[in-house]
Every structure is written in C-alpha cells, then in structure tokens.
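Asks: One structure coming up, written as structure tokens, with questions to follow.
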Amino acid sequence: MSKNVEEFEGWLRTAFVEMNTELENRYFAQDARENVVGIADPIKHQIRDEGHQYVVRLLAEGNTDEGFDHAFNLLGDLGLYMASLRRHELTNPAKEEKSPFPEASALGMQIAASVGMVPRFSTAHLATHNQAINGRQKSFTSLNDEYLFLDYNTRGIFAFMRASDALTRILPIGISHPVALTLLNDAANALRDVIKYNDCLFDELDTDRFFFSVRPYYKPYRVGRHEYRGANAGDFSGINEIDMLLGLCNANDPYYSQLLVDKMLFMPPADQASLRDCMRRRSLLSQFLDVAEESAKEPWFIENASAFLKVCKLHGATAAQHHDRLVTRFIEKPSKALPAEKLTQVTASGPPLEVLLRSLEVLRDMRLAVKRDDIRTSYNDIEKLKRYIGEK
Ligand code: HEM
C-alpha cells in the first residue's frame, strides 16, 4: 500500500467516522430527522476538504502498479468518501449534470476502469471484502445499528454463497449421485442460516436509526457525468446462481436478465465470471424433469428430488422474509411516515418506492414459484416435479 493510500485509509477509519457520527447524532436529535440542510455545515465541509486533500495526492500519484487488491480497496475507500458527500447533500444528482468533485470522479473512473467495476463503492467493500483492523471493520459511522446492519448483511451473504457453492458442485457429479443429496442438504442448511441471520437483524436493528442514519449512505450519486445507483446487499453473484441453478429464475427471462445486466459491474470480477458461467448451465429443476419419466420410481430420484424441493422452498422463504419483513419494516413503513417531498431518493437503487417494491415483489414470487399470470414463474415445473414424487 502506498503512503498516500495508507494515509487516506487511516483518515477514513478514524476522523471520517467520527465526523459522520457527529453529523448523524445532530440530524437525529431534530424533530424532522430527515432534515440535513443547514445542520453543522462546518463538519460537512471538513469531511469534504480533508478528503479532497488525500484525493488530489492520490490522483497525482496514479495507481497503476499496485495490483488488483489495492486498487479494489482504494475504489471502496473513495466510494465511502463520495457517498458521505452525497449523504450530507454536498452533492445531489437530481440538481447537477455532473459531479461537483472532478478529482474524486477522475480517480474513481481511473481505478474502476482498471478493476472492471462501477466507479463507486459496492457491497463487497463493506461486506465480504471489508478488512477489520484490531476488531474494527470499515463503516461510515460508529453507530451500533450500522455495525449490526453490516455484520448481518455479511453473514447473510456468506451463507448464500455457501448455498450456491454446494449447488454448483452438483453440476459435475450429476443429480443422481449419492453425494448430490449431501450437497442439497448443505445448501438447505446454509439457507436456514440466512433465515436465522435475517431474523436476528429484524429483531435487533432499530428502525429509525437504520432509516435515518444508515440507509442514506446508500443513495445514488454521480461520478463524472453518470449517476450510479446505491449498493445493496444483493450485489454478489451467489444469490442469482442459486436462482438459476434451482431453475426458479431464468437468464432468458426479460425481467430477470435485465436485473443481471444491471448488477454485473457492481460485483467483484470473480463474481462476474462465476455468474456468467452459471448463466450457461442447465438448471437442476430441468435436469430432474429431463429424466423424471424413466427415473421417478428410483430411490435416488425420490430422495434427491425431495431434497431439491426443500432447497427451493427455503430459497423462497428467504425472499419472502426479505420482502415481507425486512423491506416492510425498515423501508416501506418509515417511508410512508415521511412527507411526500422527502420521499424521493429514499431508496438505494433510485426508482420511486412503489416501483422498487413491485420489482422486489416480482423477485419474491419467482423465488417462491408462485402461480402468476403476469410474469413467468416456475410454478408449473415445480408442481410437475412434486407430482412425480407424490408430494402435495
Ligand atoms: C435488495 C432492503 C438486508 C439481500 C434490496 C433492496 C432493498 C433492500 C430496498 C432493493 C434495492 C435497493 O434499493 O437497495 C433491505 C433492508 C434490509 C436488507 C431494509 C435490512 C435492514 C438484506 C440482507 C440480505 C439482502 C441481510 C441478504 C444477504 C438483498 C438482495 C437484493 C436486495 C439479494 C437484490 C435484489 C434481489 O436479488 O432480491 N434490499 N435489505 N438484503 N437485498 Fe436487501
């Protein structure tokens, strides 16, 4: 790590966190907690100006020969800085045609192009690749609710990754292999962990603190001329690999393929590669149905197909839990309590709340294989497989 990167990172792990925390506490102490404008402006300017000094030095230094890990890490650090400027309304993409921070934008674009990702921080920076030093991971603030959110996101993401890893390993050995059953059970257990961690998050996270003091750091912002949506816990390939390997979502579905294209550059390159690979595979659901006619009475088929259906059910349950519990409690309800003019830009991805909720609902119903006339789900195929093994 170069001296300039080390100094920037040192600042980001200390003074930056303290200043953001102080600002959050000031905003939160108001009756109208969503109000940011005119509050503690000298602190906001201090964040902007101190960060700027590091950015200018880094830009002059160039970051061409430090290797992927350092470039990826610096991209995240820069992203945290820019997201904080956005959160404190020192920039707002709705009011500007380009970012008012040309040096930070130039540095971000330079690194992003070399790494192969969007020029902003993404989930991996704060979750799967967030290195703790002496017990402390990177964050915007030192608020307990931010740590809760980050840590449970990270646990959930790793659990989804374990499930997708187990399912991927079935591909070379085949669905009739005795060990395929072990892998299906591994995937089921990993999804049970997702459910457990989501339950903990639901019980422990404070709604107002999350909504007013954590979520605003995930707003879209501009880098150069373009606006980039905020990060969300879904920006890793494992969740989509599970979708497609199970056969609950299909890469040739227009809605779903759009989602894949949109999220591709928000993921680290290794995830991008594994997602691409997965898009070319035949789903396990199709593989079971391919041989169902001749094998439905075989003990392996009955056992493995039952375990497979259990995994599908659990995956659906994680999606229902995300939408019906987490999104409802932590986003939908507090949004409805806000005045209409403050509602815009509540979400990380940018679209208006109803649009966002509808699209998350579509994903939930695909994963639950619900019978719907307006979108394609795997309802018929799942029911067919159930009939083959005599399940209701
Ligand atoms: C996307 C809310 C925690 C997985 C989203 C989106 C929202 C949201 C609103 C849509 C994109 C956006 O605007 O951000 C929440 C809330 C959470 C939470 C309020 C808790 C307080 C989690 C956790 C996971 C997760 C713990 C599991 C790792 C996902 C996934 C997506 C997503 C996979 C992408 C869409 C999809 O494929 O379903 N989340 N989320 N979220 N979130 Fe969460």
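Asks: Taking amide H positions as placed 1.01 Å from N in the peptide plane, with prolines and chain starts having none, which residues 5 or more places from Asn232, or on another chain, fall under 5 Å of its amide H?
Replies: Counting only residues 5 or more places away or on other chains, the set is Thr123.
Asks: Still on this structure, I have one more. Given just the C-alpha atoms of the range 256-392, how large is their convex hull per residue in cubic angstrom?
Replies: 137 Å³
Asks: Determine the sum of side-chain charges near Ala127: Lys and Arg each +1, Asp and Glu each -1, restricted to other residues whose C-beta is under 14 angstrom from that of Ala127.
Replies: Taking every Cβ under 14 Å from that of Ala127, the sum is -2.
Asks: Which of Glu298, Glu146, Glu50 moves most in a GNM of the chain, Cα contacts under 10 Å?
Replies: Largest GNM mean-square fluctuation: Glu298.
Asks: Could you please tell me the mean projected area of the C-alpha convex hull for the range 187-253, averaged over all directions and given in square nanometres to one decimal?
Replies: If you wrap the Cα atoms of the range 187-253 in a convex hull and average its projections, you get 6.9 nm².
Asks: Using only Cα atoms, locate the centre of the range 32-79 and the centre of the range 367-384, then give the distance between them in Å, rounded to an integer.
Replies: Using only Cα atoms to place each centre, the spacing works out to 46 Å.
Asks: Tell me which aspartates and glutamates have Cα within less than 16 Å of Lys95's Cα, excluding those fewer than 8 residues away on the same chain?
Replies: Cross-link targets: Glu227, Glu341.
Asks: For Ala15 and Met1 in the same chain, what is the full-extension length gain: residue separation times 0.36 nm, less their Cα-Cα distance, in nm?
Replies: 3.0 nm
Asks: Continuing with the same structure: If you average the C-alpha positions of the range 246-303 and of the range 216-232 separately, how far apart do those two centres end up, in angstrom?
Replies: 30 Å
Asks: While we're looking at this one, here's another question. What are the aspartates and glutamates whose alpha-carbon lies under 14 Å from the alpha-carbon of Lys196, with same-chain residues fewer than 8 places away excluded?
Replies: Once the sequence-local aspartates and glutamates are set aside, what remains near Lys196 is Asp151, Glu204.
Asks: Counting C-alpha atoms alone, how compact is the range 118-242: give Rg to one decimal and Dmax as a whole number, in angstrom.
Replies: Here Rg and the maximum Cα pair distance are 17.2, 54 Å.
Asks: Using the Cα atoms as the points, what is the convex hull volume per residue of the range 3-121 in Å³?
Replies: Once divided by residue count, the hull of the range 3-121 is 101 Å³.
Asks: In terms of solvent-accessible area of protein heavy atoms at a 1.4 angstrom probe, what is the ranking of Thr207, Thr318, highest value first?
Replies: Solvent-accessible surface, decreasing: Thr207, Thr318.
Asks: Computed on alpha carbon atoms, what radius of gyration and Dmax characterise the chain, expressed in Å?
Replies: When restricted to the Cα atoms of the chain, Rg and Dmax are 22.4, 74 Å.
Asks: Something else now. Which value in nm describes the separation of the simple spin-label points at Arg280 and Lys297, placed 7 Å from the Cα toward the beta carbon?
Replies: 3.9 nm
Asks: Just to be sure I understand: with springs between alpha-carbon atoms less than 10 Å apart, which residue in Asn73, Asn185, Asn134 has the highest mean-square fluctuation in the Gaussian network model of the chain?
Replies: Fluctuation is largest for Asn134.
Asks: So what does Lys333 come to for accessible area, using a 1.4 Å probe and Å² rounded to 10?
Replies: 140 Å²
Asks: Could you work out the helix-only [θ] at 222 nm for the chain, with each DSSP H run of four or more residues adding -39,500 (n - 2.57) and the total divided by the number of residues, to the nearest 500 deg cm²/dmol?
Replies: Calculated at 222 nm, the ellipticity per residue is -19500 deg cm²/dmol.
Asks: To continue, here is another question. Using only Cα atoms, locate the centre of the range 92-111 and the centre of the range 120-159, then give the distance between them in Å, rounded to an integer.
Replies: The two parts, judged by their Cα centres, are 25 Å apart.
Asks: Near Tyr388, within a Cβ-to-Cβ distance under 14 Å, what is the net charge of the other residues, with Lys and Arg +1 and Asp and Glu -1?
Replies: -3
The values are calculated or read from the model by the stated rules, or taken from the named source; none is laboratory data. Computed from a predicted structure; not experimentally measured. Ideal geometry is used to build each Cβ from the backbone, glycine not excepted, and the neighbour counts take in all protein chains shown. For accessibility, only protein heavy atoms count, side chains too; no ligands or nucleic acids. Shrake-Rupley method; radii C 1.70, N 1.55, O 1.52, S 1.80 Å.
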